[in-house]
1. If R0 is 45 Å, what FRET efficiency do you get for Asp137 and Leu190 from their C-beta distance, rounded to 0.05?
2. Which of the GluC sites (Glu not before Pro) found in the stretch 54-130 are loop residues per DSSP with 14 or fewer other Cβ atoms within 10 Å of their Cβ?
3. Please report, in debye to the nearest 20, how large the charge dipole of the stretch 207-266 is about its Cα centre when each Lys and Arg carries +1 at its beta carbon and each Asp and Glu carries -1 there.
4. Using the beta-carbon distance between Val113 and Ala75 and R0 = 22 Å, what value does 1/(1 + (r/R0)^6) give for FRET efficiency, to the nearest 0.05?
5. Can you tell me which of 226-235, 82-91 comes out highest on packing, and rank the rest after it, using the mean Cβ neighbours within 10 Å?
6. What number do you get for the stretch 111-150 when its Cα radius of gyration is normalised by 2.2 N^0.38 Å, N = residues?
7. Suppose the chain between Glu154 and Arg55 were pulled fully straight at 0.36 nm per residue; how much longer would it get relative to their current alpha carbon spacing?
8. Starting from the Cα-Cα distance between Ala62 and Lys100, subtract it from 0.36 nm times their residue separation and give me the gain in nm to one decimal.
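We did not get these values from a lab; they are worked out from the coordinates using the rules stated. Since the model is a prediction, treat every value here as computed from it, not as a measurement. Using ideal geometry, Cβ is built from the backbone for each residue, glycine included, and neighbour counts are taken over all protein chains shown.
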Amino acid sequence: MIRFSRRTFLGATLLGAAGCNPQKPHEGFLGAMERWNDGAQRLLFRKGKLARDERTLTKIEAFPVYHLADDVPAAPPGWRLQVKGLCARPLSLSVEDLRKMPRTDIRVRHYCVEGWSAVASWHGVRLSEIARIAGADPKARFVEFRSFDATGSEDDDEDVDDGDQEASDEPEREPDAKEVPGSAPAAGRLPYYSCWDRESAEHAQSILAYGMNGRDLMPDHGAPVRLYSGVKLGYKMVKYLTEVIYLPDRSGGYWEDQGYEWFAGV
């Protein structure tokens, strides 16, 4: 029988605590467990396995609504969905462009990390079709989805005026990729985004949805276009899409950067 002294036990406890820094969820022990969990979920994932088709819809008023912005986000003028990154033919798509592509309908159960679930019918274009048309490079093993939804409100942007900013001797900074005009809000507002593994993104039940329950997608549920899938938890399904970006390396996400599970399969 193995016996542990009080000193050994306390030492192990302190080492464990040192490895669990909630301010750095992707490092130390927490990071190691995240990588183990992602690997396990990848092994369990089966591209050909479909989520069950549900019969009964949740009443629309009972289907929870979520967005970061204080108010329901509105599409920016001239909105188009940009498909770019490691692809041979970058795309700039309107909703009408998407409607002309082969349509896919799914009715699967939506699972939220908070514990609730609901069912809606969604229609749109498979991401596998988008990848085919754009000529996505096989080296792009990940896909990032960006949104015009962001923390705060549009009034926060208006409060930041060039004339009110203090002079600085520092050289002007090149804008970050997530701050390029039209791709994400600026002025300190945190945009919603998420990154998926390529296999999950091209699952048969992963679509760019422009319709819900037989109608055009409503603003409070992510219009003009949102991501929807039968293989991920709800927070991975980015609403109010602006960009689909094919990447060689994985990035993070609004919730993932705060310690939420990256793979988040169901």
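1. Values: r = 29 Å, r/R0 = 0.65.
Working from the Cβ atoms, E equals 0.95.
2. Values: sites: Glu54, Glu61, Glu96, Glu114, Glu129; in loops: Glu54, Glu114.
Answer by residue number: Glu114.
3. Numbers: 6 positive and 7 negative charges, 43 e Å.
The dipole magnitude comes to about 200 debye.
4. Numbers: r = 26 Å, r/R0 = 1.20.
Computed FRET efficiency for Val113 and Ala75 comes out at 0.25.
5. Values: 226-235: 22.8, 82-91: 15.9.
So the peptides 226-235, 82-91, ranked by packing, come out 226-235, 82-91.
6. Working: Rg = 14.7 Å, N = 40, 2.2 N^0.38 = 8.9 Å.
Against the compact-globule rule of thumb, the ratio is 1.64.
7. Numbers: separation 99, 0.36 × 99 = 35.64 nm, distance 3.95 nm.
Going from the current span to full extension adds 31.7 nm.
8. Working: separation 38, 0.36 × 38 = 13.68 nm, distance 3.13 nm.
Fully extending the segment from Ala62 to Lys100 adds 10.6 nm.
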